[in-house]
Structures are given as structure tokens and as C-alpha cells.
Amino acid sequence: MGNDVLVFGEIRGGELKKVVRELISAAATATGGTGGATDAVLIGAGAASLAGKIKGFGLRKIFTVEDELLANYSTEGYAAVLASLIAENKYRYVFMGATAMGRDLGPRVAARVDGVMFSDCVEVRMEGGSLVVRRPVYSGKLFVELSPEGDRTVFVSVRPNNIAPAAESGGSTEISPRPSGVTRDMIRAMATEIVPLAGGRPDVTEADVIVSGGRAMKEGANFRMLEELADLFGGAVGASRAAVDAGFAAQPIQVGQTGKVVNPKLYIACGISGAIQHLAGMRTSKVIVAINKDPNAPIFEKAHYGIVGDLFEVVPLLTKEIKTMMQ
Amino acid sequence: MKIIVLLKRVPDTEAKILINQEGTGIREDGVKFVINPHDEYGIEEGLKLREKLADGSKVTVVCAGPEEATEAIRTALAMGADDAVHVCDPKLADPNPFTVSEVLAKAIQAEGFDVIFCGKQAIDDDLAQVQSILAEKLDIPQVNNATAFEMAADCRSAKLSRRIEGGDEKIETSMPAIISCDKGLNEPRYASLPGIMKAKKKEIRKKSLADLGIAEVPGTGRSRVLKWLPLPKGGECRIVAAEETVDAVRELARLLREEAKVI
């Protein structure tokens, strides 16, 4: 087995996921100095036209697979495409985003080709010719570093926003349309449609800025105040488990060990005390701001900046201040 | 129907997790262990399905884990599961997902199954792999991160929602299938006192690897842990204070722009 890499170019909502360029960057790390090459595969509607977006990023080939049967995501349809590419090209590594799709697809294909998978990696590097990945465990309470063993394909899902995205580097990339080889009977579970989150706000796992509220928000309607602050950044609104359990916020925006694990550039925690299970979900945020009445709230131990005060006073002022600053 | 629910014993979400002295794993002393919280949604969904069918369907817990996992299994039985299979073997210390999936596949095949529920991931290793590897080994479809589940009247298919970035993906699947469950799917019930009393009499069938016809531990030799790392120490929190809140806020905004460079 050589050192070639396959990057899974995930398409969602007609767009290539932002993480794909981060995967290309991770692939460059894995092939660096080994003579390995990186290919990418784009599956589904729009694959051929989206391939142009990563052409010239140091890729050898981009496989595009368009088929009516693959217009909607299915584990089995997409797995069949990946498994056949791996069988033909004997990839040493397969990189995918640690997204809903990547986390569903990766282990299924890894099982099919008898590989190994490292989920949710935040760092990828080479040491003495061997791949080393770092990944959080216990919901980010610890990290572990691992290396693969044996002569098998290694699947790595990379958590978005952790690796600097690849830049355009020129070079020729062959775009190679490919028949899917998928038949209807292979697909037993199939996505039929996607229903967007109510409110159409950015998802907490993808936003660069998150403004989160806790139990101290008092009621759901008060989250509007957090939305106004988040809107200045095109950011997402999050909530602690306490806020979700109290019915102030919907479960899909819950940040924490039993909710979403997030990794934004800026996390503003409003009226969140900082229970260990919440901290587990947001502690890797680059800059954490805490606004809380209680100077002893544990959130201040993890925050970089804090204001001890009433969020109902502080948040509107902060929104106004930042708005002025941005003009 | 034969409804299988999978269960893993994990440290409580509130537990402080520290690296052990040898640097080979975590310190377990003083750590409270519970049913993996996401698995509770799987157990609840299995129980709800049994109640809806009301046709003598059974819910069987399947767990691969150490002796101590018995307590978590009893809790699931107290919630209402009918019986349990506990694969418990000293050879299974710290197994990887390929090992666990192979072992679970053998145990589940021996039981027979029509549907399998489990949590979307275990909150210890956070790998979220076992259910998908298991689906491949059993050659059945998988639906991960389910937030809604509706079995068709003929029990040959089901409609589900699963959580993805920015929305819910609607899925149709044939049965049997493995469904990994996410928060929002249901509200797991508590074990009642009569439930706890009844659970004491319910059968837990203990199986070794040999009982499942497994001679060698499967799936090993795929990866090695190089080291465990604590979280980097957070810097001191800079508390921004001023006589007037508005001045503190102004200073915070300035710091976010000029020092942290996030505005």
C-alpha cells in the first residue's frame, strides 16, 4: 500500500463543505515527502460543476460521480462509491469531515474495506513516517494521540475549523467523471428531504461566532437579544442544557456533552454558570467571553474575558458597542 | 418483534476525568459510572415500540462490558427491558470499535433481531463507530442521530428524522435496521420502584467469547495510543470592570477587537 490519500468532498445544499479545503490541507501533511498523491471524490448533484472549486489545490484527480440514485444522501449508495474507489486505487488514507455525513459514512466504509477509523480529529501530523492524530475524548475533557497499525486503509474524520484550509497552489488536476456502479437495491435507507432548522439561523457546529444563553435568560423570548448580537457576526445562537431543559431554547442548539460540541473563534456565554458538561462542549473555542452575575461561576475559569454583571444590561450594551465599532 | 437495545457503561457526564498515574488511561477511582446517556434514548425507543406493538414483542438489552456493567444493565431492566445478554470476558479489556462490533454482531445473531436501537455515540471514547460497523457486519441499513422514528404498520419499513448541520434529514429505511438515537427522540423514563424490584428477577445471560464461538479477540491491531493529554491550561480570565457597566462593555469590545482580534 502506497501513501495516496482520498479526500471526500462533501456536498450539502448544493455547496462544497468548507471543511473540504481543510481536508486537502491535512492530506498534504499526510503525503508530504512520501511521494503520495491526493485525489478527491465528489458525489451527488452538482459534483461536476463543484469540482472546479478545488481544482488546482494540489490534487492529482477529482472523481465526480453524479447519478439520480445519489442525488440524496444514502449511507449505502455513497459507501459503495467510496469502497470501489478504495479497492481500485489502494488509498492509504481517506479524509472526511467530522460532519453528520462523514461520521455516518466513514465507519461503514471502514468496516467494508476492513480499515481503521479515527473520528473527530483536531490535529493531523506525520512523525517518523507514521500518521499521528489528536482527538478529544470524554467530550473534550482529555485528548488522546494515536497512530494506525497494520497495512490497511486509515479513515480520518476531521473536525471543522481546526486545520488551516489549503490554498490554491496551481498545478494540474484531472477531473474524472465516473459511473456510480450503484443500483437501487443497494440502497435500503435513503434521505428523502432536508427540513432546515426553524428560524434559518447558522448551525452552532459551523459558525465562527456563537452567542449562548443559560438558565439566567429567564425565558425563551429573551433569546432574541442574543440573536441580535449574533447577527452582527452572522453567528449562531447556542444554549446550555439548563436553558434547553427549561424550555427556553430548542434542543438542536444545545452546546455541551449531550448536545453539540463547538469550536468557534468567539464564544460569548451569557448567564451560563459553566457546568462541567457545558464546558466540555465549548472549551476549545478560541476566545471565550463570559457574562455572569456570579463572580464565582465556573465559566470564568475557562473564559478569556469576563464581565461580572447582569446579562440583561450587558448584552444590549455590547451589541450596541460592537455595532458602532463595525460601522 | 425482537427489539435489541445496546448499552455501554460510561463515566457520568458530571464526572471529572483525570489521566491515571501510568498515563495509560483515566483514573476510575471516585468516578461514578452510568448508562451512556445517548443509549437511554435507545432503550426508551425500544420500550415505546414494544408498548405500541403490544403483541408480545420483547426488548433485549445487549451489552459488551466489564463485570461492573451489570449495574447499568439492571437499570435498563428496571426501566422495563425484558432480559439481557452481557458479554463479559477478561479478553475484552479496552476493546476497539471493530472488536466490540464483531462481538455484538455474534451475540445479536444468536438472539435474533428485528430492529436495533442504541445511542448516537458513547460519551467516553466519543467515536460513534460501533453502530455503523455493526450494521455492515449484520448487512442491514443504519440511521444515525435519529430524532424521530415511526415504524410502518407492517413493520417492514420506517420513517425517521436524523439531525444534520442546520436541519433534519428525513429518512426512509427498510427493516431490520440499526437506529442510533439522539436527544429529542424521546424522554427516557426513570426506573420505578416496582420496576427496580422486578428487574432483580429478570434474566441476564452472561456470555464469554467462547460462548459466542469466538476463539481469538477479533479486530485487534489497528491502532495504538501514543499518549493521553490533559487539556491545555486556560489562561487567566481577564475580568473587565468599571464604575459604569457601559464603560466595562466598551473596554471589552476594545479588547476583543485589538487584543483578541475577533471583531
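The values are calculated or read from the model by the stated rules, or taken from the named source; none is laboratory data. All values reported here derive from a predicted model rather than from experimental measurement. Glycine also receives a Cβ, built like all others from the backbone with ideal geometry; neighbour counts cover every protein chain displayed. Surface areas here come from the heavy atoms of the whole protein model, side chains and all, with no ligands, DNA or RNA. Shrake-Rupley method; radii C 1.70, N 1.55, O 1.52, S 1.80 Å.
No other residue among B:T99, B:T75, B:T60 is touching a residue at least 40 places away in the same chain (Cβ under 8 Å), within 14 Å of chain A (Cβ to nearest Cβ) and either over 26 Å from A:P148 (Cβ atoms) or of a type in the set (S, T, Y) (or both) apart from B:T99.
Taken over the range B:180-214, residues that are more than 30 Å from A:Q254 (Cα to Cα) and either modelled with pLDDT under 95 or over 20 Å from the mean Cα position of the chain (by Cα) (or both) amount to 21. Considering only residues in the range B:189-227 that are out of contact with any strand residue (DSSP E or B) (no Cβ under 9 Å at 6 or more places or on another chain), under 21 Å from B:D82 (Cβ atoms) and in a loop (DSSP other than H, G, I, E, B), the one that is least open to solvent (accessible area, probe 1.4 Å) turns out to be B:A191.
Of B:I123, B:I73, which residue is under 25 Å from A:L142 (Cα atoms) and surrounded by 22 or more Cβ atoms within 10 Å (Cβ to Cβ)?
On the way: B:I73 fails: under 25 Å from A:L142 (Cα atoms).
Answer to the selection: B:I123.
Under the condition of being more than 7 Å from chain A (Cβ to nearest Cβ), over 25 Å from A:E76 (Cβ atoms) and crowded, with 18+ Cβ neighbours inside 10 Å, the residues counted in the range B:168-188 number 2. Residues in the range A:311-327 that are open to solvent by less than 40 Å² (accessible area, probe 1.4 Å) and over 19 Å from B:K261 (Cβ atoms): A:L311, A:V314, A:V315, A:T319. Of all residues in the range B:113-140, those satisfying the criterion of being more than 8 Å from every other protein chain (Cβ to nearest Cβ) and of a type in the set (D, E) are B:D114, B:D139. Here the range A:284-310 is the region considered, the condition is being in contact (Cβ under 8 Å) with a residue 40 or more places away in the chain and among the hydroxyl-bearing types (S, T, Y), and the residue that is surrounded by the most Cβ atoms within 10 Å (Cβ to Cβ) is A:S285. Please tell me if A:T153 is buried (at least 18 other Cβ atoms within 10 Å of the Cβ), modelled with pLDDT of 95 or more and either closer than 30 Å to B:S223 by Cα or away from chain B (no Cβ under 14 Å) (or both). Yes: the conditions hold for A:T153.
One residue alone among A:S212, A:S180, A:S169 is more than 10 Å from chain B (Cβ to nearest Cβ), in contact (Cβ under 8 Å) with a residue 40 or more places away in the chain and closer than 27 Å to B:A148 by Cβ, and that residue is A:S212.
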